[in-house]
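See structure below.
The values are calculated or read from the model by the stated rules, or taken from the named source; none is laboratory data. The structure presented is a predicted model; accordingly, all values stated were derived computationally and were not measured. Neighbour counts are summed over all protein chains in view; Cβ atoms, including those assigned to glycine, are modelled from backbone coordinates with ideal geometry. In case anyone asks, the SASA skips ligands and DNA or RNA and just uses the protein heavy atoms, side chains included. Shrake-Rupley method; radii C 1.70, N 1.55, O 1.52, S 1.80 Å.
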Amino acid sequence: MLTFWERLAPARAASVVQSARRASNLLLMVFNTVLLRLSMPLSLVGVALLAESYDFGLFRLLQVPLGASIPATIVLLDLAVYGQHVAMHRFAPLWRLHLVHHADLHLDATTGVRFHTLEILLSVAYKATFVVVLGCPAAGVLAFEAILNAMSMFSHANVRLPARLETVVRRFVITPDMHRVHHSIIGGEMNS
């Protein structure tokens with residue numbers, strides 16, 4: 001749907017050949033997904049189910065009800081990923097990995113899935129640690145991953161929201177217009 005919107009009403013004209021760039025981004029995503037499934041057969045949901053089977057984690061220790069632990073999982077994992085993203089920008093070895101994402105010459109929905117393979121592996125291991133320590137419910141982890149991936153593609157999409165809608169929506173989520181600043185080549189903007 002986002003790619004249809006991008007083609008129908010792009011926010012910016014492309015400065016590079018789109019088909020080759022998109023294909024490269026999508027092939028990298030497929031490679032990362034296959035490698036991830038081969039190297040870490042349990043997804044984050046699987047990790048959550050494993051921790052649950054051993055009755056492990058902070059939520060279980062504190063007997064947090066499912067109705068509270070699912071939204072808590074979404075919020076806490078989002079904060080964890082935010083911390084990871086800050087670290088990716090702050091520490092040179094991590095930045096070299098994250099630069100694959102920022103080096104895309106044109107932002108669109110496929111930029112939201114363009115990541116260095118090692119960054120993906122580190123990210124999954126990092127998130128899995130939080131899932132186990134917190135004892136996140138599988139439903140919360142699944143919801144978080146779905147939201148994270150959808151929002152990554154949306155925030156990188158080459159689309160423009162109507163000005164009034166942009167003003168409202170950006171109070172709650174990162175909009176494409178807002179996120180373009182983060183992909184600036186100016187360090188102060190990129191690291192803001």
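Taking amide H positions as modeled 1.01 Å from N, with prolines and chain starts lacking one, the residues under 5 Å from residue 135 and 5 or more places away or on another chain are 58, 59. Note on the range 84-130: Kirkwood radius taken over Cα pairs, Stokes-Einstein applied at 10 °C and 1.306 mPa s, translational D equal to 142 µm² s⁻¹. Under 5 Å between amide hydrogens, built in the peptide plane, is the criterion, and for residue 11 it picks out 159, 160 among residues at least 5 positions away or on other chains.
Kirkwood Rh over alpha-carbon pairs of the range 58-192, then Stokes-Einstein at 10 °C and 1.306 mPa s: what D in µm² s⁻¹, rounded to an integer? Could the numbers behind the result be given before it?
Values: Rh = 16.1 Å.
D = 98 µm²/s.
Potential lengthening of the chain between residue 151 and residue 23 amounts to 44.0 nm, from the contour at 0.36 nm per residue minus the alpha-carbon distance. Computed from backbone phi with θ = phi - 60° and the Karplus coefficients 6.51, -1.76 and 1.60, the 3J(HN,Hα) list for the range 61-69 is 4, 8, 6, 6, x, 3, x, 9, 6 Hz; x is used for glycine and proline. Of 107, 165, 77, the residue with the greatest mean-square motion in the GNM of the chain, using alpha carbon springs below 10 Å, is 165. In a fully extended conformation the segment linking residue 126 and residue 161 would gain 9.3 nm over its present Cα-Cα distance, using 0.36 nm per residue. Note on residue 86 and residue 4: the model spin-label points, each 7 Å out from Cα along the C-beta direction, lie 3.9 nm apart. Per-residue 3J(HN,Hα) values for the range 115-122, derived from phi via the Karplus relation 6.51 cos²θ - 1.76 cosθ + 1.60 with θ = phi - 60°, read 9, 4, 4, 5, 5, 4, 4, 5 Hz in sequence order (x marks Gly and Pro).
Considering only 18, 84, 63, the Gaussian network model of the chain with Cα springs below 10 Å gives its largest mean-square fluctuation to 63.
Can you list, largest first and rounded to whole Å, the semi-axes you get for the range 13-110 by taking the square root of 5 times each eigenvalue of its Cα gyration tensor? Display every interim value, and only then the final one.
Working: eigenvalues 235, 60, 38 Å².
Output for the range 13-110: semi-axes of 34, 17, 14 Å.
Within the accessible surface of the chain, defined with a 1.4 Å probe on protein heavy atoms only, the carbon and sulfur portion equals 72 percent. Alpha-carbon geometry of the range 117-192: the Rg and the Dmax are 15.4, 42 Å, given in that order. Rounded to the nearest 10 degrees, the angle from helix 18-39 to the longest Cα principal axis of the chain is 10 degrees.
Helical content of the chain, expressed as a calculated mean residue ellipticity at 222 nm, amounts to -22000 deg cm²/dmol (DSSP H runs of 4 or more residues, -39,500 (n - 2.57) each, divided by residue number, nearest 500). With both labels modelled 7 Å from their Cα along Cα-to-Cβ, the residue 139 to residue 15 distance reads 4.7 nm.
Rounded to whole numbers, the Karplus 3J(HN,Hα) couplings from phi for the range 176-183 are x, 4, 5, 6, 4, 4, 5, 8 Hz, using 6.51 cos²θ - 1.76 cosθ + 1.60 with θ = phi - 60°, and x at Gly and Pro.
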